Amino acid sequence: MSALKNYVVLTEDFLTEDFRPDAFTHEDHVGVAYELLTAMPFLDAAMLYAKSIRALAARLGAEDKFNVTITLAFMSIIAERMQSRSYDSYDTFITQNPDLLEKNLLDEWYPPETLASENARNIFLMPTGTRS
């Protein structure tokens with residue numbers, strides 16, 4: 001965990017594209033999502049986050065890496081966790097929700113081939129349930 005990062009500042013930099021995209025980690029994705037969800041309603045945060053992630057992918061020449069399903073599913077899980085109790089900071093939140101740092105967290109709801117599909121990249125796919 002990167003407890004020393006200031007995700008409020010990184011979120012501002014993220015939204016203005018004033019950061020090094022090649023150094024943007026999975027935890028940075030989670031931290032920025034947390035800050036956006038703290039600042040605005042879910043739909044607004046999800047739309048702004050998705051637009052910015054799509055722009056980031058384009059900036060890196062990797063447009064095909066943007067995935068609507070992964071983006072919205074992670075945003076939903078983060079928002080749900082934030083609603084379940086009060087957190088005074090991202091550091092407290094991630095300390096109590098370390099599983100959000102696992103890139104394969106969605107495997108519980110989606111088969112890997114579903115998440116890798118073109119449909120998942122272009123539209124939000126409903127979860128298929130827990131895997132056995």
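The values are calculated or read from the model by the stated rules, or taken from the named source; none is laboratory data. Keep in mind that this is a model prediction, so the values were computed, not measured. Here Cβ is always computed from backbone atoms with ideal geometry, including for glycine, and neighbour counts include all displayed protein chains. For the accessible areas, the whole protein counts, side chains as well, though only heavy atoms, and no ligand, DNA or RNA atoms are used. Shrake-Rupley method; radii C 1.70, N 1.55, O 1.52, S 1.80 Å.
Quick one: order R54, R20, R121 from most to least accessible surface, probe 1.4 Å.
Working: R54 130, R20 155, R121 65 Å².
So the residues, ranked largest to smallest area, are R20, R54, R121.
When you work out D = kT/(6 pi eta Rh) for the chain at 20 °C and 1.002 mPa s, using the Kirkwood radius from C-alpha pairs as Rh and the Stokes-Einstein form, the result is 141 µm²/s.
In the context of the full set of protein chains, residues of the chain present 58 Å² of accessible surface per residue (probe radius 1.4 Å, heavy atoms only). The residue among M40, P111, S52 whose Cα reaches farthest toward the positive pole of the charge dipole of the chain, with charges on the beta-carbon of Lys, Arg, Asp and Glu, is P111.
In this structure L10 has an accessible area near 30 Å², from a 1.4 Å probe over the protein heavy atoms.
Take the solvent-accessible surface of the protein heavy atoms, probe 1.4 Å, and return the percent of it on the stretch 1-41 that carbon and sulfur atoms account for. Exposed carbon and sulfur together represent 56 percent of the surface. Taking trypsin sites (Lys or Arg not before Pro) across the stretch 73-110, the ones in a DSSP loop with at most 14 further Cβ atoms lying within 10 angstrom of their Cβ are R85, K103.
For the stretch 34-105, GluC sites (Glu not before Pro) meeting the loop criterion (DSSP other than H, G, I, E, B) and having at most 14 other Cβ atoms within 10 Å: E102.
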